[in-house]
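Q: The structure under discussion is supplied below as structure tokens; questions concerning it will follow.
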Amino acid sequence: MKLAPHLHRLGNDIVACYLVDTPEGITLIDAGLPGHWKDLQDELRSLGKTADDIRGLILTHGDSDHIGFAERLRSEHGVPVYVHADDSVRTRTGEKPKVATGPLRLGPALGFFGYSLRKNGLRPRYVSEVTEIADGDVLDLPGKPAIVGMPGHSPGSIAIHVPIADALFVGDALTTRHVLTGRTGPQPAPFTDDPAEALASLDRIAGLSASWVLPGHGAPWQVSPADVGEAVRNA
């Protein structure tokens, strides 16, 4: 689905990932669930392009509902997969601490797990090889994505600023739809390793310029990054 010039979303408000289309090629942000491979192919066809036009995939973190088709794209098409060094092990093995889930409503929670099941999310395929990145890096990929460290949800969670798309991709640094309660609007994301650190990290994006703040779960949010921290803390 096209959101704006250069900017497309795959998936829906339950699980989403993003495509940045430029004359130099495509940069993907996150890889959703394995079944989003078909969504990717459909979106590429609508653009008259193929997976061979993808220059890189950047993961906002290494959780299973963000690495979806990453290994398939890497192994079948040679697309490099970038992830913060502190989430490298999580991306390659799935190793992560157990955290409290917090509030839950049966209907939305079943909807999330049912959607994951339909998209083959209960059988994650971890990424055999990754390229490690760090806070402050500007990657040599279409759109010149800039990396902002956002530890909290996971040690290596990042935001990705892509000026050509007027967008800031935040992964699970926040959510606009809680997958376990169905509550909409900006709020902290569930399954977060260190909730206090995640809230503090929101200050790291306040000085960036973007019209879109795009989470991995929930509706796209048109807001200035300067207003994000206060909105999420007030949720």
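Q: Take the residues of segment 1-36 that are among the acidic types (D, E) and touching a strand residue (DSSP E or B) at 6+ places or on another chain (Cβ under 6 Å): which is nearest to A159 (Cα to Cα)?
A: D30
Q: Say we look at segment 167-176 and pick out the residues that are outside any strand (DSSP E or B) and of a type outside the set (D, E, K, R); which of these is nearest to D193 (Cα to Cα)?
A: Checking each candidate, the answer is A173.
Q: Hey, another quick one. Give I160, I164, I147 a once-over and let me know the one that is within 19 Å of Y18 (Cα to Cα) and part of a helix (DSSP H, G or I).
A: I164
Q: If you don't mind, another one. Between residues in segment 2-16 that are of a type outside the set (D, E) and residues that are at pLDDT below 95 and part of a strand (DSSP E or B), which pairs lie under 8 Å by C-beta distance while being six or more apart or on different chains?
A: From residues that are of a type outside the set (D, E), there are no pairs.
Q: Without any contact (Cβ under 8 Å) to a residue 12 or more places away in the chain and among the hydrophobic types (A, V, I, L, M, F, W, C), is that true of L122? Full working, then the answer.
A: Numbers: without any contact (Cβ under 8 Å) to a residue 12 or more places away in the chain: yes; among the hydrophobic types (A, V, I, L, M, F, W, C): yes.
So L122 passes the test.
Q: What residue, among those in segment 183-217 that are hydrophobic (A, V, I, L, M, F, W, C) and touching a His at 6+ places or on another chain (Cβ under 9 Å), is farthest from I160 (Cα to Cα)?
A: F191
Q: Return the residue satisfying two criteria in turn: it lies in segment 177-210 and is within 21 Å of D65 (Cα to Cα) and among the hydroxyl-bearing types (S, T, Y), and of such residues it is surrounded by the most Cβ atoms within 10 Å (Cβ to Cβ).
A: By that ranking, first place goes to T192.
The values are calculated or read from the model by the stated rules, or taken from the named source; none is laboratory data. All values reported here derive from a predicted model rather than from experimental measurement. Cβ sites come from the backbone with ideal geometry, for glycine too, and all protein chains shown count toward neighbours.
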